[in-house]
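Asks: I am attaching a structure below and will ask some questions about it afterwards.
Taken together, the values in this text are just the output of simple stated rules run on the coordinates, not laboratory data. From a predicted model like this one, the values you see are computed outputs, not experimental measurements. Reconstructed Cβ throughout: ideal geometry from the backbone, glycine too, with neighbour counts over all protein chains shown.
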Amino acid sequence: MIWILLLFAYALLFALVEIEIEGADGWAEKLPTWYRVTPWYAQLMSVVLSGKPATGYHLMMFPIPIVSFHLGLAFGLPWSWALEARLFAAYLVFNVIWDFIWFLLNPAYGWQRFRKGAVWWHNKRWVGRFPIDYWNGFGLSFVLAALPGLGGDWSVLSRHTAYVIGMVILTAVAAAFAPAYQRWYAHMRRAGSDERELVKKE
């Protein structure tokens, strides 16, 4: 289904952009953004984010796909509670896939280093090989997708199930290409290849 491919491509691009921005230092650790853990708003975000610090970077990044998922409304798509449930359910899965691809493709991590103890911002609790955030995201997404079923519309849950299966399969395909991407990543950063100084001399 083309819509699953498009949403996966969107998650992939988000992950690739963040790898370029953050490199090996996830959760905006070394970016020129604000970090907070003690103010009330930081503690509120920490509850939502399973104990992670609040940062200006994430405060700006997380709403972007939420708004993007609603762009159809700007082009005449009629709003409904069933649609809203579907959009937020899809967003939650998108968020997990985006995050996981960041680890799979990032040369500093990959599947081997994606484990509790190696990722400080995901160190609260893991179930099996995945942090609790991933399980929570997927679980809540199915709850939201099932809500329209209370009114007799089970199509949202059905489409959401197909979406999740498709996203998981495409993520596995992306994982197979991770070594090639990581070689390209290293090639583009090989010693002596950066041309910033040439630009500055113009």
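Asks: Of everything in region 66-118 that's in contact with a helix residue (DSSP H, G or I) (Cβ under 8 Å, 6 or more places away or on another chain) and not in a helix (DSSP H, G or I), which residue is nearest to Tyr10 (Cα to Cα)?
Replies: The residue in question is His70.
Asks: For region 144-181, give me each residue that is surrounded by 17 or more Cβ atoms within 10 Å (Cβ to Cβ) and closer than 14 Å to Gly110 by Cα.
Replies: Passing the criteria: Thr171, Ala174, Ala178.
Asks: Do the conditions hold for Lys30, that is, is it part of a loop (DSSP other than H, G, I, E, B) and free of Cβ contacts under 8 Å to residues at least 24 places away in the same chain?
Replies: yes
Asks: A further question on this structure: If I filter region 15-23 for residues that are crowded, with 18+ Cβ neighbours inside 10 Å, under 23 Å from Phe69 (Cα atoms) and in contact with a strand residue (DSSP E or B) (Cβ under 8 Å, 6 or more places away or on another chain), do I get at least one hit?
Replies: The answer is no, given that none of the residues of region 15-23 is crowded, with 18+ Cβ neighbours inside 10 Å, under 23 Å from Phe69 (Cα atoms) and in contact with a strand residue (DSSP E or B) (Cβ under 8 Å, 6 or more places away or on another chain).
Asks: OK, next. Being of a type in the set (A, V, I, L, M, F, W, C) and under 30 Å from Ala180 (Cα atoms): is that true of Phe69 here?
Replies: no
Asks: Sticking with this one: Tally time: how many residues in region 12-45 are farther than 29 Å from Pro107 by Cβ and of a type in the set (S, T, N, Q)?
Replies: Qualifying residue count for the region: 2.
Asks: Further, regarding this structure: Name every residue in region 121-141 that is more than 17 Å from the chain's Cα centre (by Cα) and outside any loop (DSSP other than H, G, I, E, B), in order of residue number.
Replies: Within region 121-141, Trp126, Val127 meet the criteria.
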